[in-house]
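Below is one structure, written out as structure tokens; comments come after it.
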Amino acid sequence: MKNILIINGHPDKQSFNHALSQAYLTGAHHTSASIDQINIGDLDFNPNLAFGYREKTALEPDLQEAIEKIKRSNHLVWTFPMWWYGYPAIMKGFVDRTFLPGLFFKYKKGSLFPDQLLKGKTARMIITSDTPRWYDRWFMKSPAINQFKKGTLEFCGIKPVKISYIGPVKKFNADHRQKWLHKIEQLGAQLK
């Protein structure tokens, strides 16, 4: 059985991102998959990796539970807005505090590349933005996508990572939003 984990990186439960994560969940409920969720904004944790990797920072119970959910999953669905060509601070803090050496990757002496401890998992990134995709890709070189897809998920062995880029959201009317919610619900029903 496939284990799906939907992670919402937007801190506001009234956001379009939250609605998108719920749409994926609705679609996935039409399958036999086991489904779990994390709303990062609901977790109780310090997003600051105070000592870097020099010294371990004790994991709060919410982060311990999130790590176990990530380990159990086969497919991770991340929903988040692109802000200043990156992702929200609370999501960055979550990644800093959970994607740790020894848990999701392991450094190898004499190698630039780590052992990837999340091999066998796949992911989808659902990104909302006020920037048109062509501008993000050709002028900005997709910094949020590259940082998260290549610098985090693939670095830890998660492949393939599919992208759903939704924007420019500021120009969307209610019908346009509804069409995207329907598309994301269909992705959930296909477990993609």
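Residues of the range 176-187 include none that is touching a residue at least 12 places away in the same chain (Cβ under 8 Å), surrounded by 13 or more Cβ atoms within 10 Å (Cβ to Cβ), under 13 Å from the mean Cα position of the chain (by Cα) and over 22 Å from A33 (Cα atoms).
Does D42 satisfy being under 25 Å from K183 (Cα atoms), acidic (D, E) and modelled with pLDDT of 95 or more? Against the criterion (under 25 Å from K183 (Cα atoms), acidic (D, E) and modelled with pLDDT of 95 or more), D42 does not qualify. The set of residues from the range 86-102 being crowded, with 20+ Cβ neighbours inside 10 Å and either touching a strand residue (DSSP E or B) at 6+ places or on another chain (Cβ under 6 Å) or more than 16 Å from E60 (Cβ to Cβ) (or both) comprises Y87, P88, M91. For the range 142-149, the condition of being assigned to a helix (DSSP H, G or I), over 17 Å from the mean Cα position of the chain (by Cα) and surrounded by 15 or more Cβ atoms within 10 Å (Cβ to Cβ) holds for none of the residues.
From the list R124, R97, the lone residue that is modelled with pLDDT of 95 or more and in contact with a Lys or Arg (Cβ under 6 Å, 6 or more places away or on another chain) is R124.
Residues that are within 14 Å of L103 (Cα to Cα), exposed (fewer than 14 other Cβ atoms within 10 Å of the Cβ) and among the small types (G, A, S) within the range 48-77 comprise just one, A58.
A single entry from T79, T31, T57 fulfils the requirement of being touching a residue at least 60 places away in the same chain (Cβ under 8 Å), at negative phi and either part of a loop (DSSP other than H, G, I, E, B) or of a type outside the set (S, T, N, Q) (or both): T31.
Being touching a Phe, Trp or Tyr at 6+ places or on another chain (Cβ under 8 Å), within 26 Å of I4 (Cβ to Cβ), β-branched (V, I, T) and surrounded by 15 or more Cβ atoms within 10 Å (Cβ to Cβ) is a property that I158 lacks. The conditions of being within 22 Å of S34 (Cα to Cα), of a type in the set (A, V, I, L, M, F, W, C), modelled with pLDDT under 95 and buried (at least 19 other Cβ atoms within 10 Å of the Cβ) are met by L191.
Of the listed requirements (1) touching a helix residue (DSSP H, G or I) at 6+ places or on another chain (Cβ under 8 Å); (2) aromatic (F, W, Y); (3) over 15 Å from C156 (Cβ atoms), W83 misses just one: (1).
The values are calculated or read from the model by the stated rules, or taken from the named source; none is laboratory data. All figures in this text were calculated on a predicted structure; none of them were measured in a lab. Reconstructed Cβ throughout: ideal geometry from the backbone, glycine too, with neighbour counts over all protein chains shown.
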